[in-house]
1. How crowded by other chains is B:74-81, given as the mean number of beta carbons from other chains within 10 Å of each beta carbon?
2. Hey, for a label at B:THR30 modelled as a point 7 Å past Cα toward Cβ, could you say which residues of the range B:51-83 have their backbone N under 20 Å away?
3. Regarding chain B, what's the average projected area of the Cα-atom convex hull, expressed in nm²?
4. Is there a quick way to get the dipole size of the protein assembly as shown? I mean about its Cα centre, with the Cβ of Lys and Arg at +1 and of Asp and Glu at -1; what is the value in debye to the nearest 20?
5. For the range A:24-83, what does the convex hull of the Cα positions come to per residue, in cubic angstrom?
6. Could you sort out which of B:LYS44/B:LYS118; A:LYS44/B:LYS51; A:LYS51/A:LYS119; B:LYS56/B:LYS118; A:LYS44/B:LYS44 sit more than 31 Å apart by Cα distance in this structure?
7. How high is the relative contact order of the range A:5-133, in percent, with contacts defined as C-alpha pairs under 8 Å that are six or more residues apart?
8. Go through the range B:26-134 and name the trypsin sites (Lys or Arg not before Pro) that are in a DSSP coil and have 11 or fewer other Cβ atoms within 10 Å of their Cβ.
Protein chains: 2
Amino acid sequence: MIINQATDYGFRAVCYLAQQPQGEVVEAHTIAQNIVVPIRFLLKIMPSLIKAGIVKSQRGVGGGYMLARAPQEITLLNVLEAIEGPIRLNRCLIDPDYCSRNAAAYCEIHDALADIQKKLSQEFDRYNFADLAD
Amino acid sequence: MIINQATDYGFRAVCYLAQQPQGEVVEAHTIAQNIVVPIRFLLKIMPSLIKAGIVKSQRGVGGGYMLARAPQEITLLNVLEAIEGPIRLNRCLIDPDYCSRNAAAYCEIHDALADIQKKLSQEFDRYNFADLAD
DNA sequence: TAAAACTATACTAATCGAGTAAACAATCTG
DNA sequence: CAGATTGTTTACTCGATTAGTATAGTTTTA
């Protein structure tokens, strides 16, 4: 019921990139310093954001990271799912076989959780980084 | 971002009790069998529900558990908080000093998460066990 | 007073989270 | 093209948490 530290750092990193002039490439150590995150940990997180099409990277001298699309097109949900996968409130919502009662198909609680989970995703999706970076 | 197994079991236990005739005392092993939960684990969870005023217990021969108040007065949020404490999406929402940037006071992300967290609590609070037990 | 029930506390094994390390691959510059 | 720079990949560690088990204790009632 708590987001990962990595996700928190991911939010900060994307927010920081959204605050840079458009097209500016920022290297990892600069990002890490500004958002106050251990650089090695940040370096491990970034590839997830790249695979999700949220940021782009450039290697070699003068390399670094930049957003891969407009900040208003990136939501908290996008970053969260890129780093820790889809939101799941309960394991039975991923794998019905997980339920020790084998009741996923008719369980009222299952339905309620599925509903809440959907609402939660929508809430995370309401926030984009153009607004957050202000 | 996922609820505890204990919370899941708590939901089931309260739901099962809500399905019993009013005032009926049900012993732990009966509950455990019906909701398919290890009895020792269930026995460990129940005291949290008692402390939260959700169920009552009776010791000795013929003892067991019953709801402490009407099912419509018990929500998913009540049970969740009884078992795993208040919902917190991020540690900085409990303890602002936790933020490695020390930015909780002015961080836009912090505000967004606080907002989402509030909505999430409200969602869990919308479901009561009179409805869930149908 | 003995058995039946819940309570409290401590223990354990497995998993997960956060962070570190090291070897590697790409890119630029002189 | 050599070497420095910067990101990538994968593996490792250590501590915390989770899920569950065990045991000794307390209350109640027949």
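1. On the way: counts 0, 0, 4, 0, 0, 1, 1, 0.
Mean partner shielding for this stretch: 1.
2. Once the point is set 7 Å along Cα→Cβ of B:THR30, B:54-71 turn out to lie under 20 Å by backbone N, inside the range B:51-83.
3. On the way: hull surface 36.4 nm².
The Cα convex hull of chain B, projected and averaged over all directions, gives 9.1 nm².
4. Numbers: 26 positive and 30 negative charges, 151 e Å.
The calculation lands at about 720 debye.
5. Working: hull volume 5.2 nm³, N = 60.
Roughly 86 Å³ of hull volume per residue.
6. Numbers: B:LYS44/B:LYS118 29 Å; A:LYS44/B:LYS51 43 Å; A:LYS51/A:LYS119 25 Å; B:LYS56/B:LYS118 29 Å; A:LYS44/B:LYS44 39 Å.
Cα-Cα > 31 Å for A:LYS44/B:LYS51; A:LYS44/B:LYS44; rest within.
7. On the way: 160 pairs, mean separation 36.8, N = 129.
Relative contact order comes out at 29 percent.
8. Details: sites: B:ARG40, B:LYS44, B:LYS51, B:LYS56, B:ARG59, B:ARG69, B:ARG88, B:ARG91, B:ARG101, B:LYS118, B:LYS119, B:ARG126; in loops: B:ARG59, B:ARG69, B:ARG88, B:ARG101, B:ARG126.
Here the sparse-neighbourhood loop sites are B:ARG59.
Only the coordinates and a few stated rules stand behind these numbers; no lab work does. Every value quoted in this text rests on a predicted model; they were computed, and no experiment measured them. Note that each Cβ is placed from the backbone with ideal geometry, even for glycine, and that neighbours are counted across all protein chains shown.
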